[in-house]
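Okay, so here's the structure we're looking at.
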Amino acid sequence: MDFVRLLLVFLHLLGMAILVGMFLLSRRAEPGSPLNVGWLHGAALQLVTGLALQLLAPLTHAHYINAKLGIKLLVLLVIAGLALTYVIRRVPAPKWLTPTLGGLVVLNVGLAVFWT
Ligand code: HEM
């Protein structure tokens, strides 16, 4: 069962890398471009792997801080909500969107690492 947890952590970290990559891509996008759909893929991967890690905790004998995971989930839902809104509408992404999404990703990395 420990392999399953490690596999999920591996995918969870790749999901974080996708979101950081999307931040860098979005910063270099032409003004007026719609939001890259990769934001949605990265957010979905984080949601699925994060929830699976949490739900499988009794089987993997992992001990997590539920308040921390709850806040990470809320932050991720804001990321996913914003990404979904702007990807579906295909309107030009506003200037504040990329720094906001990037800041929320960094917030979740900070929560994951420093809240022990
Ligand atoms: C933008 C979204 C997210 C980012 C960037 C992120 C980032 C990270 C990072 C960097 C770690 C590794 C921390 C370490 O090993 O010290 C981690 C671990 C973890 N994350 Fe997330 N996370 C996100 C969303 C979520 C969500 C929504 C959940 C579940 C509700 C979640 C659940 C977990 C769990 C359970 C671990 C511990 C894995 C383990 O070591 O067994 N994450 N996350």
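The values are calculated or read from the model by the stated rules, or taken from the named source; none is laboratory data. This is a predicted model, so every value here is computed, not measured. Every residue, glycine as well, gets a Cβ built from its backbone with ideal geometry; the counts of neighbours run over all protein chains shown.
For beta carbons closer than 6 Å, sequence separation of 6+ or different chains, a first residue in the stretch 21-35 that is over 14 Å from W96 (Cα atoms) and a second that is at pLDDT 95 or above and surrounded by 10 or more Cβ atoms within 10 Å (Cβ to Cβ), the qualifying pairs are M22/N36; M22/G38; M22/W39; M22/G42; L25/N36. Inspection of the stretch 78-90 identifies at least one residue that is more than 9 Å from the ligand (Cβ to nearest atom) and either assigned to a loop (DSSP other than H, G, I, E, B) or at positive phi (or both).
Scanning the stretch 91-116 for residues that are touching a Ser or Thr at 6+ places or on another chain (Cβ under 7 Å) and either exposed (fewer than 11 other Cβ atoms within 10 Å of the Cβ) or in a helix (DSSP H, G or I) (or both) yields a single hit, T98. What do you reckon, is P99 at pLDDT 95 or above, over 19 Å from G42 (Cβ atoms) and either of a type in the set (A, V, I, L, M, F, W, C) or out of contact with any Cys (no Cβ under 8 Å at 6 or more places or on another chain) (or both)? Criteria not met by P99.
Selection of the stretch 47-74 for residues being surrounded by 14 or more Cβ atoms within 10 Å (Cβ to Cβ) and within 24 Å of M22 (Cα to Cα) yields L47, V48, T49, G50, L51, A52, L53, L69, I71, K72, L73. With respect to being within 26 Å of R5 (Cβ to Cβ), within 13 Å of the ligand (Cβ to nearest atom) and out of contact with any His (no Cβ under 6 Å at 6 or more places or on another chain), L111 fits the description. Among the residues of the stretch 76-90, those that are surrounded by 12 or more Cβ atoms within 10 Å (Cβ to Cβ) and either over 16 Å from H41 (Cα atoms) or of a type outside the set (A, V, I, L, M) (or both) comprise T85, Y86. Of the residues in the stretch 73-90, not one is modelled with pLDDT of 95 or more, out of contact with any strand residue (DSSP E or B) (no Cβ under 6 Å at 6 or more places or on another chain) and of a type in the set (D, E, K, R).
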